[in-house]
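To keep things clear, I will list the structure first and then write my remarks on it.
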Amino acid sequence: MLRVAALLVSLLALTACGGGAGSSSSGPAAGPNTVTMVVDAGPIVNGTAAGALNQAYVTITVCSPGSSTACQTIDHVWVDTGSTGLRLMASALNNLSLPAVTDSGTTSGNAFAECYQFVSTYMWGAVRSADVKIGGEVAKSIPIHVIGDASFPNIPLSCASTGGSLQNSVSDISANGILGVGSFAQDCGTACTTGNVPAAYYTCPSSGCQPANVPLTQQVSNPVIAFATDNNGIALTLPPVPSQGAATATGSLTFGIGTRPNNGLGGAVVLTVDPNSGYFTTLFGASGIAYASSFIDSGSNAQYFSDSSNTSLVKCATNDFLYCPSKTLSLSAINVGVNDKRSNVSFSVAAADPLFQAQPTFAAFSNIAGPNPSTGSTGRSFDWGLPFFYGRTVFIAIEGANTPGGVGPYVAY
């Protein structure tokens, strides 16, 4: 199974399109390990902004390995702590030629392709090698996923039949790509080194693409692990957002934990997560029900959880994947790490439909939530989406990495 927790929700019904007044900004001291991260309406698609909601973006530069001229700067790459690896739309590369990652490790081998599955969607495309530059950091010759690559127009049936919807264009995800900077080093890990995991990696000879085993070094990987320094994790910082929302919010993505004066843990509580799934436990509700498959995910547009005992959590009429309580709810929960460390969290849930109607040009909302009927390997799931990040610095330590807070994987805030 792919190591992924991201919940990408289709927001086509929303009217928010960004722009206008009401911006918020925050961030640590600038440095070569820090890049600006912005929540806004998304990239321009067919002459207008994509209409994104609660999507945090950075700008990156991708180069052919070893080249300083064969490069493309790409804006509006979605920062996702719930997945691993860089995935770029082929259209955003603007015909930049990148070498294929092959099953022999040479140009004469068969190229790898990948079917990458999120909770309710999937992406298909080639695996290619690139130098990736983010701020002052460089990841050299790492495998990335090129979505909608023209070299592989035919999606294998085993990939297409996964049950999710295909997300292979900028308009599908309101982004030019996804920067997966979660807790894991590779997107599939040892599960894909043996056993030919179905609907994951494929090797593609001229006869057609077939499921394949892929060594760790050739899997799509977290770019952070390939940095020369500042490679043990990340920190995301976003400012508080008013209850009515904001047109934009500007924060930062900082690389490394405790490697420089600007990325220390300070008083953050370290919650270790399951090394296989990335999950911790959230205790929620009047009786403290355990949501044992919980996670923090900047790639989710809202907080997603279900509570059948709370009759105020009714679905919206227009955006029925979100909640519309009759009045704003003040709620609390306790996040519990595998190390049994605990952190209390207070949050609010407002009626999404009236918010969007009142502020149709706003892209940042801290108080929207929706139902999450899915369960993980250990039961109920609480998805702490981008609203969780507003007003916080959230650290993500990578598996096996040494940090001042201990060895990853963990989250801290």
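The values are calculated or read from the model by the stated rules, or taken from the named source; none is laboratory data. If you're wondering where the values come from, they're calculated on a predicted model, not measured in any experiment. Here Cβ is always computed from backbone atoms with ideal geometry, including for glycine, and neighbour counts include all displayed protein chains. With ligands, DNA and RNA removed, areas are computed over all heavy atoms of the protein, side chains included. Shrake-Rupley method; radii C 1.70, N 1.55, O 1.52, S 1.80 Å.
Only Lys, Arg, Asp and Glu carry charge here, each on its Cβ (+1 for the first two, -1 for the last two); on that basis the stretch 230-371 has a dipole of about 240 debye about its Cα centre.
Counting only other residues whose beta carbon sits under 13 Å from that of Thr259, what net charge do I get with K and R as +1, D and E as -1? Net local charge, Thr259 excluded: -1. Once P(r) over Cα pairs in 20 Å bins from 0, in percent is calculated for the structure shown, the corresponding label among (1) 29, 60, 11, 0; (2) 24, 37, 21, 15, 3; (3) 24, 56, 18, 2, 0 turns out to be (1).
The lysines within cross-link reach of Lys315, meaning a Cα-to-Cα straight distance under 25 Å and a gap of 8 or more places when in the same chain, are Lys327.
Shown here for the stretch 315-407: trypsin sites (Lys or Arg not before Pro) in loop regions (DSSP other than H, G, I, E, B) with at most 11 other Cβ atoms within 10 Å, namely Lys327.
A crude spin-label estimate for the pair Asp75 and Val338, with each label 7 Å from Cα along the Cβ direction, gives 4.0 nm.
For the stretch 241-353, just say rounded, prolate or oblate: build the C-alpha gyration tensor, square-root its eigenvalues into a ≥ b ≥ c, call rounded for a/c under 1.5, and beyond that prolate if a/b exceeds b/c, oblate if not. Taking the square roots of the gyration eigenvalues as a ≥ b ≥ c, the stretch 241-353 is oblate. As a fraction of the 1.4 Å probe accessible area of the chain, surface on carbon and sulfur atoms comes out at 52 percent.
Mean residue ellipticity, 222 nm, helices only, the chain: the sum of -39500 (n - 2.57) across DSSP H runs of n ≥ 4, divided by residue count and rounded to 500, is -500 deg cm²/dmol.
With all protein chains kept in place, the per residue accessible area of the chain amounts to 37 square angstrom at a probe of 1.4 angstrom. Across the stretch 260-277, coupling constants 3J(HN,Hα) worked out from phi with the 6.51/-1.76/1.60 Karplus curve, θ = phi - 60°, read 8, x, 9, 9, x, 5, x, x, 4, 7, 8, 10, 5, 10, 4, x, 9, 10 Hz, and Gly and Pro carry x.
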